[in-house]
1. Any chance you could count how many residues in the stretch A:400-433 are within 27 Å of the chain's Cα centre (by Cα) and part of a helix (DSSP H, G or I)?
2. Output yes when any residue across the stretch A:422-429 is in contact with a Phe, Trp or Tyr (Cβ under 6 Å, 6 or more places away or on another chain), exposed (fewer than 15 other Cβ atoms within 10 Å of the Cβ), within 14 Å of chain B (Cβ to nearest Cβ) and within 24 Å of B:Trp90 (Cβ to Cβ), and no when none is.
3. Picking from B:Ser283, B:Ser278, B:Ser234, which residue would you name as being under 15 Å from B:Tyr204 (Cα atoms) and of a type in the set (Ser, Thr, Tyr)?
4. Give the number of residues within the stretch A:280-292 that are at pLDDT 95 or above and surrounded by fewer than 16 Cβ atoms within 10 Å (Cβ to Cβ).
5. Quickly run through the stretch B:155-187 and pick out the residues that are surrounded by fewer than 22 Cβ atoms within 10 Å (Cβ to Cβ), closer than 27 Å to B:Leu211 by Cβ and within 12 Å of another protein chain (Cβ to nearest Cβ).
6. Among (1) surrounded by fewer than 17 Cβ atoms within 10 Å (Cβ to Cβ); (2) touching a residue at least 60 places away in the same chain (Cβ under 8 Å); (3) not hydroxyl-bearing (Ser, Thr, Tyr), which single condition is B:Lys284 missing?
7. For the stretch B:129-140, check the following and say yes or no: at least one residue is in a helix (DSSP H, G or I), among the basic types (Lys, Arg) and closer than 21 Å to B:Asp288 by Cβ.
8. Which residue is surrounded by the fewest Cβ atoms within 10 Å (Cβ to Cβ), if the candidates are limited to the stretch A:162-195 and must be small (Gly, Ala, Ser) and more than 14 Å from chain B (Cβ to nearest Cβ)?
Amino acid sequence: MHTRIYACAVLFVLVSGGWPQTAFAAPTGTEIEDLKKQMAVMEEQLRFLRRKVEQLETQPSSAAPEAPTENKGIKTEQRLKDLELQVGQQKAASRGLLSPFNPKISVNGIFSAAMFSDKDNLNFGDHDPQVQGFNVQNVELHLQGTVDPYFQVDTNIVTTVKKGDTTIELEEMYGTSLALPANLQLVAGQYFTRFGRQNRQHPHQWDFADQPVILNRLFGKDGLRGPGMQLSWLAPTPFYLEFIANAQQAQGEIATSFLSKPGETIRGYSLLDRPVQKIGDLLYMPRVVTSFEPTEELTVAMGGSTLFGPNASGPNNTTIIYGGDLYVKWKPVDHVKGFPFVAWQTEYLFRDYEAGPDNANGIPADRLKDFGLYSQLVYGFYERWAAGVRIDYVNSSGGGAAVPFLISQAQRDLAGERWRLSPNLTFYPSEFSKFRLQYNLDFAESRRREAVHGVFLQVEFNIGEHAAHTF
Amino acid sequence: MENRMLLLTVLAGGFFMAWAYPSDAKLNVIASTPDLAAIAREVGGDRADVTSLAKGTEDPHFVDPKPSFIRILNQADALIEGGADLEVGWLPPLVLNARNPKIHLGQPGRIVAAEVVRLLEVPTGQIDRSMGDVHPFGNPHFTLDPLNGKLIAERIKERLCVLSAADCPFFTTNAKQVEDKIDSRLALWQKQMAPLRGTKVVTYHRSYSYLAERFGLQVLNTIEPKPGIPPSASHARDLITQMKAEGVKLILMEPNRERKTPAFLAQQTGARVVMIPSMVGGSKEAGDYLALFDHIVKTLLMDAGQQLP
């Protein structure tokens, strides 16, 4: 009998994570202190379990003096069996498929049916509904796990299918530090730049079926990301205030405002093959973000970011991008499953791109300036239902010296004035799936300001254990 | 000049020390839900500042991970969570971004209440999400059994003792007091609730399984066809048939849930809808852990037309 009690207790302690993993590392002075503390906790756990079993043996008389008759009928033996079963079940559940050390795995797929009034539509994002008919917008495999006592790693492997061809790419894999001192946190690897609010979000987190126009214009069809390192500091203020310093490689189609891809053009200026040669050729970003709650039902988060780095239209040319973001969410204190809510999200971006001269094509140096904003309001009006409306506005100046035939239609679409209105309606059968119907009314200077209409019906599925999102 | 530098250094050092080692000796305890916070307040007394992240009126599965919580957790000496996946949708990124190793898993400052209670409704067969928001570890609404409150108080006391050994006798006395109070009140509650033993009830969500088990209510079914899945017409039809056949006269639900379906079921079957909070702070009468049960017992007895002895 006693052997079983102790076996039970030891199993329970092991399952409940009491075993100190740090015991396998070479201990330092503070680690020895930690180990001592953890040993003390384990001893407490053992003592507690012993007491609990004793308590169960004497129940119901001691715990509930007036315990009902059916409680009295439960024999200690049965209680112990229950406890053993529970330990076994918890152990089985915590081991998942194979091992508790396996990462959490989830797969998310977003598909859509799209109809446009113009076959050359204006949806340029890689994860937008882009073609008439059915689209694979994004299939994402997400893996998250803890490396050791110092890092957690997130990985996103993304698949898209364009015209029947499948591409697989490593969208992100980055480690986040767990135990840096002085409120610091390090992120290292390949990751979306924490510029503003939406750039770092994955398509299944978006409130609309497609990318905002200004993000597409300045950060490219995939958003701004790359390999790099980011250090952030949580300020010791009574409210949330975080400072972020970031350095990243600025090459490829994932950094279109910067070194981008050789051979591409921007408003007629050819981009050179400009590799990173010195520390100044990296992309740098300071960001500050804060949040406060004017009432217990209202949360405000706002941030400001600046990006500066080299661009490939000349050997020493640079680009600067400024951005401000605001997110306000109302959610009553008696919500059910997160409904109802109202969320208002706005981002403003401005880019100053130092272009040329492009001597081969005879285009003098110029400053290409772009600015734009999107503002969206989403109202979760009933459990599982949300209605939203988004307005996009972008405009640009500079780059008019290039002769028109040097500028492709695709490049023309990425300049000039454009505005777009997008209402939508989303139904969430559960938190793991959704249907979204969206209409886009789009006017672009590059299309003689004639309306381009788009209608999308989007469906999303999520399986597995997807890590929770930040606010 | 050197003096000025020295002064600046001392000031900067002082600022850093003041920030890194606050002079306030109270333990800063954060609880994910108000129930756990209420128990921690009883144990910690005036030597612990206790804050709850979720509010008693909100759905504890769907709390927004507000950035202000990151700041709160950054300053925590201890984090008490329910566990069993109750907070899986919002707590992990907050803990990651709080940069506070004291509240990481396995540390004395991370208190997981589910580790010390016997969980009900632990799935024994295969499970998948076609069964709704099923909890692989069991039903996480376990604070509605007062005896679980005792076990949680004991665990909180053990951990606070590790975190502040000097205050251990104080925490031990407090824990003993709250456990004794629960014992004596439980005896009273069970006496009061005796006439309701065996009453068949339907609940909206599986929020009251522990309460029902302790006080001998029989939960026959839920208005949700599956955990977390909203009511459907076909399920409502089946439920009406079942409630009539079994003579169910009581529907229990939290005040914040939609009331159309319960009202319809009540109208069709002659049952009464009774709203009781599932957490401390869920109604103004449920101000602390004992008051929560006082209020629930009183509400159920008033509904049943029983007078308090």
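The values are calculated or read from the model by the stated rules, or taken from the named source; none is laboratory data. Values in this document were obtained by computation on a predicted structure and should not be read as measured data. Counting neighbours? That spans all protein chains shown, and the Cβs are built from the backbone with ideal geometry, glycine included.
1. The total comes to 0.
2. yes
3. Working: B:Ser283 fails: under 15 Å from B:Tyr204 (Cα atoms); B:Ser234 fails: under 15 Å from B:Tyr204 (Cα atoms).
After applying the criteria, what remains is B:Ser278.
4. 2
5. B:Glu179, B:Asp180, B:Asp183, B:Ser184, B:Arg185, B:Ala187
6. (2)
7. Checking the stretch B:129-140: not a single residue is in a helix (DSSP H, G or I), among the basic types (Lys, Arg) and closer than 21 Å to B:Asp288 by Cβ.
8. Kept after step one, since they are small (Gly, Ala, Ser), are these residues of the stretch A:162-195: A:164, A:175, A:177, A:179, A:182, A:188-189.
Of the ones still in play, those that are also more than 14 Å from chain B (Cβ to nearest Cβ) are A:164, A:188-189.
Values: A:Gly164: 6, A:Ala188: 16, A:Gly189: 18.
The qualifying residue surrounded by the fewest Cβ atoms within 10 Å (Cβ to Cβ) is A:Gly164.
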